[in-house]
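What follows is a single structure, written as structure tokens, with notes after it.
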Amino acid sequence: MAERGAGLMSSAPLILAVETSCDETAAAVVQGRVVLSNVIASQAEMHAPYGGVVPEVAARHHIGTVNGVVDAALTDAGVSLGDIERVAVTQRPGLIGALLVGVATAKALAYARRLPLAMVDHLHGHILATWLEPLALDPPFVSLIASGGHTRLDLVNDPTSPQLLGQTLDDAAGEAIDKGARTLGLEYPGGPALDRLARGGDATAFEFPIGLQGRGGYDFSFAGVKTALLYKLRELGQPAGPVRADLAASYQEAIMRPLADRLIGAALEHHVSAVTIGGGVAANSRLRVLVHEAASCNGLRVAMPDFSLCTDNAAMIGAAAQFTAPIPYPEYIGMDAIATTPPGGIAA
Ligand code: KG4
Ligand code: ZN
């Protein structure tokens, strides 16, 4: 965390940000690019017995956790609620019950202090995680966001309005990873477990189909590779030892390679010299290697946030809040959470 003094010298507003769109209860204090605190309480263990996030369980758990997480973010930053100049919250997209907890909390905090409130799009937050220190990347760049719920490429010329270049036509990359990991008998959440198992395997041992290969554009498809793994396991039975690691590595490769290839392809086609990755899947060690290798071959700069800024967090919401028009007190009081990003896009 940064020193409080360094942050408060800036003329940017001191922002308290709240994020509860899925299964992390998160709050952060951000000023300009400086992250003064970034507190994340994960519910992953609570959902593990069900093999996925249970929306009702997530919402109830946020209710019990959010006040403590906000207090911890203020304490870690060395500030009090009275110092905060703006509140920010994830308004969309996400699990509606989960989002409602954050939105109600943020509205109450802002209203009580007569502060403006920024209603932020979660994906806008992921895209601007690299705008924060220590990376402090300014546009233009091409952003890849790959998480359990989303997979998309955006061209970012202006931080207020990323332009969608392509997205998944079916499953999100993280969803394909988690389902594949479950098929291989790995524990939930499957991403880190599959990543570990794949490190000991040969990614060329099995051939898995790469969705939309040879087709132009920047969309993705991961439904086919998932089904292919299921058929492969029916053929082989549940393998052990090196064969299981080879399967994990080959399956992972068929998901990570198109992500890296299209990210780099988009940067080259749009003559942009920097690329970023975000979302939980950006923690994948193979994706990081593929992106680094392809970027350095093509003379591109890569900005990859630390794990705490890759997965769901509130610091990134504080970043996007600085490029989202704040709603003055008390106009936000009747505003609601929204389950999906509006057709007009992130900044709509
Ligand atoms: O962004 P995130 O924390 O939450 C949302 O879905 O919004 O992303 C979670 C996803 C899960 O699918 C998880 O399995 C995946 O990120 N993930 C990984 C790794 N760590 C987390 N996938 C591949 N490799 C990893 N090391
Ligand atoms: Zn996310």
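The values are calculated or read from the model by the stated rules, or taken from the named source; none is laboratory data. Computed from a prediction, not measured in an experiment: that's the story for all the values here. When we count neighbours, we look across all protein chains shown, and the Cβ atoms used for this are built from the backbone with ideal geometry, even at glycine.
A few comments on the model shown:
- Of residues in the stretch 138-185 being touching a Leu at 6+ places or on another chain (Cβ under 9 Å) and β-branched (Val, Ile, Thr), the one nearest to ligand 2 (Cβ to nearest atom): ILE145
- Qualifying residue in the stretch 142-151 (condition: within 16 Å of ligand 1 (Cβ to nearest atom), among the hydroxyl-bearing types (Ser, Thr, Tyr), farther than 18 Å from ALA315 by Cβ and not in a loop (DSSP other than H, G, I, E, B)): yes
- Checklist (1) in contact with a Phe, Trp or Tyr (Cβ under 8 Å, 6 or more places away or on another chain); (2) within 16 Å of ligand 1 (Cβ to nearest atom); (3) in contact (Cβ under 8 Å) with a residue 60 or more places away in the chain applied to ARG199, failing item: (1)
- Scope the stretch 79-100; condition crowded, with 17+ Cβ neighbours inside 10 Å and either away from ligand 2 (no atom under 16 Å from the Cβ) or not assigned by TED's automatic domain parsing to the domain that holds HIS61 (or both); matching residues: VAL79, ILE84, ARG86, VAL87, GLY97, LEU100
- Filtered residues of the stretch 265-310 (kept if among the charged types (D, E, K, R) and surrounded by 19 or more Cβ atoms within 10 Å (Cβ to Cβ)): ARG286
- Residues in the stretch 34-58 that are more than 16 Å from ligand 2 (Cβ to nearest atom) and at pLDDT 95 or above were compared, and the one that is nearest to THR183 (Cα to Cα) is VAL39.
- For the condition touching a residue at least 60 places away in the same chain (Cβ under 8 Å) and surrounded by 15 or more Cβ atoms within 10 Å (Cβ to Cβ), ARG60 does not qualify.
- Helices (runs of 4 or more DSSP H) (entirely within the stretch 265-348) containing at least 3 residues that are without any contact (Cβ under 8 Å) to a residue 60 or more places away in the chain and assigned by TED's automatic domain parsing to the domain that holds ALA172: 285-297
- Selected residue (criterion: nearest to ALA347 (Cα to Cα)) from residues of the stretch 152-173 that are in contact with a strand residue (DSSP E or B) (Cβ under 7 Å, 6 or more places away or on another chain), of a type outside the set (A, V, I, L, M) and within 16 Å of ligand 1 (Cβ to nearest atom): ASP154
- Restricting attention to the stretch 178-212, the residues being in contact with a strand residue (DSSP E or B) (Cβ under 9 Å, 6 or more places away or on another chain) and part of a helix (DSSP H, G or I) number 0.
- Residue within the stretch 320-327 that is aliphatic (A, V, I, L, M), within 16 Å of ligand 1 (Cβ to nearest atom) and either at pLDDT 95 or above or closer than 26 Å to ALA72 by Cα (or both) present: yes
- Those residues of the stretch 305-319 which are out of contact with any Asp or Glu (no Cβ under 7 Å at 6 or more places or on another chain) and among the aliphatic types (A, V, I, L, M), in sequence order: LEU309, ALA315, MET316, ALA319
- For the stretch 1-33, filtered to residues that are over 13 Å from LEU309 (Cβ atoms) and out of contact with any strand residue (DSSP E or B) (no Cβ under 8 Å at 6 or more places or on another chain), the residue that is modelled with the lowest pLDDT is GLY5.
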